[in-house]
1. Return the residues of segment 107-146 that are of a type in the set (Gly, Ala, Ser), under 24 Å from PHE70 (Cα atoms) and in contact (Cβ under 8 Å) with a residue 40 or more places away in the chain; say none if nothing qualifies.
2. Give just the number: which of (1) more than 16 Å from the ligand (Cβ to nearest atom); (2) among the aromatic types (Phe, Trp, Tyr); (3) surrounded by fewer than 21 Cβ atoms within 10 Å (Cβ to Cβ) does PHE37 not satisfy?
3. Filter segment 78-98 down to residues that are surrounded by 13 or more Cβ atoms within 10 Å (Cβ to Cβ) and touching a residue at least 60 places away in the same chain (Cβ under 8 Å), then give me how many there are.
4. Within segment 41-64, take every residue that is modelled with pLDDT of 95 or more and hydrophobic (A, V, I, L, M, F, W, C) and give me the one that is nearest to PRO12 (Cα to Cα).
5. Given the conditions (1) among the small types (Gly, Ala, Ser); (2) closer than 30 Å to ARG4 by Cα; (3) within 16 Å of the ligand (Cβ to nearest atom), which single one is not true for ALA136?
6. Of all residues being crowded, with 19+ Cβ neighbours inside 10 Å and among the polar types (S, T, N, Q) in segment 278-325, which is farthest from the chain's Cα centre (by Cα)? Just the residue, please.
7. I want to confirm something. Restricting to segment 139-158 and keeping residues that are more than 11 Å from the ligand (Cβ to nearest atom) and of a type in the set (Gly, Ala, Ser), which single residue is surrounded by the most Cβ atoms within 10 Å (Cβ to Cβ)?
8. Could you identify the single residue in VAL172, VAL131 that is assigned by TED's automatic domain parsing to the domain that holds LEU18, surrounded by 13 or more Cβ atoms within 10 Å (Cβ to Cβ) and within 13 Å of the ligand (Cβ to nearest atom)?
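The values are calculated or read from the model by the stated rules, or taken from the named source; none is laboratory data. This is a predicted model, so every value here is computed, not measured. When we count neighbours, we look across all protein chains shown, and the Cβ atoms used for this are built from the backbone with ideal geometry, even at glycine.
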Amino acid sequence: MIRRYWDLKNQPKKRIILARTNAYHGSTIAAASLGGFSSVHDQFETLPYVQHIADPNWYNSGGDMTAEEFGIAAARELEKRIDELGEENVAAFIAEPIQGAGGVIVPPDSYWPEVSRILKERDILFVSDEVICGFARTGKLFGCETYGTEPDLMTFAKAVTNGFQPLGGVMVSDKVASVITSSGGEFGHGFTYSGHPIACAAALATLDIMERDNMVDRVANNVGPYLQKRWAELGDHPIVGHTRGVGMLGSLELVRNKDTKERLEPEQNSGGICREFCIDNGLVMRAVGDSMIISPQLIMSHEEIDTMIERATKALDQTAQHYAV
Ligand SMILES: Cc1ncc(COP(=O)(O)O)c(C=O)c1O
């Protein structure tokens with residue numbers, strides 16, 4: 001759709017799509033090329049017109065910079081790359097508001113305003129991948145609202161049906177739609193199951209319940225702040241070097257030494273050990289390298305959040321013991 005848009009705007013040279021390291025956008029050739037995992041890229045031939053800039057992970061890459069300084073520096077990588085490639089060759093930038101599968105990477109507050117400035121000054125489409133952040137997860141209906149960005153396209157899935165039916169889609173701004181439809185011809189796309197009535201019925205029912213139960217408000221003003229308060233307390237644990245989170249998303253970094261950020265093992269895979277202890281304690285928590293990440297139910301009660309923190313603490317104690325910390 002992005003290509004078609006630029007062709008119709010008589011700018012056929014605009015082909016390159018910029019994405020970020022540790023991004024996750026899916027596993028088809030196109031989506032996995034946009035994703036930023038080199039271990040995945042090693043397994044197939046990536047699309048030649050996708051390039052990556054670094055993700056805004058302050059804890060891992062911030063060095064001596066404050067979070068705010070690092071956020072600006074990370075955003076300016078985008079500016080530098082666009083200017084090196086030539087604005088006339090860059091079609092779009094795709095990003096998750098908060099990178100999920102890459103480790104719940106919450107960008108510094110300075111990051112998105114600077115990215116927005118850079119994109120506004122240049123003629124480049126912005127795609128917000130809302131597959132994780134969409135539908136109340138960050139305390140607004142969409143993650144882009146939490147960060148004040150203005151996407152031209154938005155991808156969504158998962159929570160739109162509460163996961164009960166498979167449904168994903170792309171929301172298209174008037175700016176893009178008006179160009180695509182202006183050609184008079186048909187936009188050639190579609191799948192056998194596009195707009196499948198059962199999946200769409202599940203989505204409509206889910207959205208009704210979200211509205212009825214004021215789910216956005218619940219995450220913004222009730223369970224989200226409670227989860228963040230309790231999650232941040234895990235930062236006091238001897239092997240937790242850093243915690244971060246927004247709304248109903250959280251992550252923590254496992255370390256041997258909080259001051260030097262030395263990891264628990266040179267292979268940087270301690271999350272796998274911690275995950276096994278979590279499961280033993282009746283808690284399903286995902287591991288990404290040395291990070292533990294959560295994206296729990298929006299309907300969680302405070303008591304359930306307490307139980308989760310209790311079980312996570314127990315698993316962290318066992319992990320510390322395992323590594324003799
Ligand atoms: C941000 C993001 N985008 C895209 C996808 C891919 O979605 P699907 O697995 O439905 O293709 C995922 C899946 O986890 C995701 O987290």
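1. Of segment 107-146, the ones of a type in the set (Gly, Ala, Ser) are 110, 116, 128, 134, 136, 139, 143.
Within this subset, residues satisfying the condition of being under 24 Å from PHE70 (Cα atoms) are 110, 116, 128, 143.
Correct list: SER110, GLY143.
2. Going through (1) more than 16 Å from the ligand (Cβ to nearest atom); (2) among the aromatic types (Phe, Trp, Tyr); (3) surrounded by fewer than 21 Cβ atoms within 10 Å (Cβ to Cβ) one by one, PHE37 breaks only (1).
3. So the answer is 13.
4. The extreme case among them is VAL50.
5. Condition (2) is where ALA136 drops out.
6. Here the residue is THR319.
7. GLY139
8. Details: VAL172 fails: within 13 Å of the ligand (Cβ to nearest atom).
Being assigned by TED's automatic domain parsing to the domain that holds LEU18, surrounded by 13 or more Cβ atoms within 10 Å (Cβ to Cβ) and within 13 Å of the ligand (Cβ to nearest atom) holds for just one of VAL172, VAL131, which is VAL131.
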